[in-house]
Amino acid sequence: MKPFLIILGFICLGLAVLGVILPVMPTTCFVLMAAACFAKSSPRFYNWLLASSIFGPMIYQWQATRSMPRRAKVMAITSILVSGAISIYVLDSAMVQAIVAVILLIPIAIILRVRNSEDLCPLRHSNLN
């Protein structure tokens, strides 16, 4: 199982790198999936990913706040909608198109339920004097 998770982690990391380059491709969700795969399979790769100046802050932010930046959510949903629309367009069967459309609603619903990082206020300590 560990070799499978390591391979899956690197696939997700590769998709995250594409997300840095391509404006329609999400980055954050793939980084988090890679981190989850590495956390379960390889402490060495997990620590390497945490030490990354590009991806480490995303992972720390998720671990600390369980939130995503609004921009990352918009990009993830946009990429799901664009790729889903292309998939639905090339399919012939109306039934299969409907199934694909319904399946695409699942990750969109999950992303929409995650809090926006920008909406979280840092804990403020007030002086009670």
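Laboratory data are not the source of any read-out in this text; all were calculated from the coordinates shown. All figures in this text were calculated on a predicted structure; none of them were measured in a lab. Virtual Cβ from ideal backbone geometry, glycine too; neighbours counted across all protein chains shown.
Counting other Cβ atoms within 10 Å as a rough exposure proxy, the listed residues Phe55, Phe10 run Phe10, Phe55 from fewest neighbours to most.
Dipole magnitude for the chain: computed about the Cα centre from +1 point charges on Lys and Arg Cβ and -1 point charges on Asp and Glu Cβ, it is near 400 debye. Ordered by the count of other Cβ atoms within 10 Å of each Cβ, fewest first, Trp62, Trp48 give Trp48, Trp62. The residues Lys2, Lys73, when put in order of fewest to most other Cβ atoms within 10 Å, stand as Lys2, Lys73.
Stokes-Einstein diffusion for the range 12-73, with the hydrodynamic radius set to the Kirkwood value over Cα pairs and evaluated at 10 °C in a medium of 1.306 mPa s, equals 137 µm²/s. Computed from the alpha carbon positions, the gyration tensor of the chain leads to an equivalent ellipsoid with semi-axes of 30, 22, 13 Å, biggest first.
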